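K.L.:
Sending over a structure as structure tokens; questions will come in a sec.
The values are calculated or read from the model by the stated rules, or taken from the named source; none is laboratory data. Since the model is a prediction, treat every value here as computed from it, not as a measurement. As a convention, Cβ positions derive from the backbone with ideal geometry for all residues, glycine included, and neighbour counts pool all protein chains shown. The protein model used for the area step is the full one, side chains on, heavy atoms only, and it has no ligands, DNA or RNA in it. Shrake-Rupley method; radii C 1.70, N 1.55, O 1.52, S 1.80 Å.
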Amino acid sequence: MSSHADQWDEAAVRELHGDLTDLHGSVDEEAHGADAEAAPGEGVRQLLTTILSQNVADENTDRAAEQLFSTYDDFRAIEEASPDELAETIRVAGLADTKAARIQRALAAIREETGGAYSLAFLDAMATDEAKSWLTDIKGVGPKTASVVLNFHFGKPTMAVDTHVERVSKRFGLVPESTSNARTHDLLDELVPDELTYPLHVLLIEHGRTYCSARSPDCDNPVCDAYCDCEGC
């Protein structure tokens, strides 16, 4: 049972990271963060793919992304496509009409911000909070989608909170059980050291999938023994 719930600080988070690493192995960060050689549109591609990933399995996200980027020649063609045609193209991702509208709104916002270019490079010069605010001002882009783009593509210190990260964070007492998803993003961003936002994100997801599942968690492991306060423990 957790002895950390009332005393989470930077040192305790670093200890948790170390314990998760001992259990699950180190996180490969080679492909993470800003890439000076990346094409200007890679950030936009990341954003659209993340929108497709909302509330759907990874394999369907991959299929939808492949369909999207093979059907249209460029981002302008996606923005100007018939909404019905675009929705049909990404149907496998689920919520096709909603996601098609979000994708086209995002592309329009980017084009208007840049004066015609489909690039998110301008976000790199912004402070993390400012960049996150710009993205979440787009209807349908929430804190998780924004954090994925900013952390994975730009290497900015903000943690994406998916269902696994949120569940494990609450069971470990990193955030209160009643905390909303949006507030969980804010609290973890305040608590987690900048350089750990990506590896801890990956490790919490791995732990949630392997041991700390929503139903019938397997608590027979040293991390749950040290930190978890769920009914299974």
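K.L.:
If the viscosity is 0.692 mPa s and the temperature 37 °C, what Stokes-Einstein diffusion coefficient in µm²/s follows for the range 24-81 when Rh is the Kirkwood radius over Cα pairs?
P.N.:
247
K.L.:
Helix 96-114: angle to the longest alpha-carbon principal axis of the chain, degrees 0 to 90, nearest 10?
P.N.:
For 96-114 against the chain, the angle is about 70 degrees.
K.L.:
Let me ask you something else. Rounded, prolate or oblate: which fits the range 152-211 when a ≥ b ≥ c are the square roots of the eigenvalues of the alpha-carbon gyration tensor, with rounded for a/c under 1.5 and prolate only if a/b beats b/c?
P.N.:
Here the range 152-211 falls in the oblate category.
K.L.:
Whenever you get a sec, compute what percent of the accessible area on the chain sits on carbon and sulfur atoms (1.4 Å probe).
P.N.:
Here carbon and sulfur together make up 43 percent of the probe-accessible area.
K.L.:
Shifting gears a bit: Over all pairs of distinct alpha carbons, what does the Kirkwood formula give as the hydrodynamic radius of the range 53-111, in Å?
P.N.:
The answer is 11.3 Å.
K.L.:
Oh, and also: Hey, can you rank 194-204, 106-116 by average C-beta count inside 10 Å, highest first?
P.N.:
Averaged packing, sorted descending, gives the order 194-204, 106-116.
K.L.:
Another one. Once the Cα atoms of helix 42-53 and of the chain are each reduced to a long axis, what angle between those two axes, in degrees from 0 to 90 to the nearest 10, is obtained?
P.N.:
With both axes taken from Cα atoms, the answer is about 70 degrees.
K.L.:
Compute, for Asp218, the solvent-accessible surface of its heavy atoms (probe 1.4 Å) with the complete set of protein chains present, and express it in square angstrom to the nearest 10.
P.N.:
For Asp218, the solvent-accessible surface is approximately 70 Å².
K.L.:
Which value in deg cm²/dmol, rounded to the nearest 500, describes the helix-derived mean residue ellipticity at 222 nm for the chain, given -39,500 (n - 2.57) per DSSP H run of n ≥ 4 and division by the residue count?
P.N.:
-16500 deg cm²/dmol
K.L.:
Would you please put 65-76, 158-169, 180-191 in order of how densely packed they are, using the mean number of other Cβ atoms within 10 angstrom per residue and starting with the highest?
P.N.:
The packing order, highest mean first, is 158-169, 180-191, 65-76.
K.L.:
Assuming a ≥ b ≥ c are the square roots of the Cα gyration tensor eigenvalues, decide whether the range 180-233 counts as rounded (a/c under 1.5), prolate (otherwise, with a/b larger than b/c) or oblate.
P.N.:
It is prolate, given that a/c is not under 1.5 and a/b is the larger ratio.
K.L.:
To the nearest µm²/s, what D does Stokes-Einstein give for the range 114-164 at 37 °C and 0.692 mPa s, using the Kirkwood radius over alpha carbon pairs as Rh?
P.N.:
Using the Kirkwood radius from Cα pairs, D works out to 292 µm²/s.
K.L.:
To continue, here is another question. Only Lys, Arg, Asp and Glu count, each charged at its Cβ (+1, +1, -1, -1), so figure out the dipole size of the range 154-233 about its Cα centre, rounded to 20 debye.
P.N.:
220
K.L.:
Determine the shape class of the range 1-137: with a ≥ b ≥ c the square roots of the Cα gyration tensor eigenvalues, call it rounded for a/c under 1.5, and otherwise prolate if a/b is greater than b/c, oblate otherwise.
P.N.:
The shape class here is prolate.
K.L.:
Run the numbers for Thr21 and Asp218: contour at 0.36 nm per residue of separation, minus the present Cα-Cα distance, in nm.
P.N.:
Computed gain between Thr21 and Asp218 is 69.1 nm.
K.L.:
Using a 4.7 Å Cβ cut-off, which Cys residues in the chain lack a partner cysteine?
P.N.:
Cys212, Cys230, each lacking another Cys Cβ under 4.7 Å.
K.L.:
Provide Rg and Dmax in Å for the chain, with only Cα atoms included in the calculation.
P.N.:
For the chain, the Cα-based Rg and Dmax read 18.7, 55 Å.
K.L.:
Relative to the compact globular guide of 2.2 N^0.38 Å, what is the alpha carbon radius of gyration of the range 118-233, as a ratio?
P.N.:
Cα Rg divided by the expected 2.2 N^0.38 Å: 1.13.
K.L.:
Mind checking the angle between helix 58-71 and the chain's longest principal axis? C-alpha axes, 0 to 90 degrees, to the nearest 10.
P.N.:
Roughly 20 degrees, rounded to the nearest 10.
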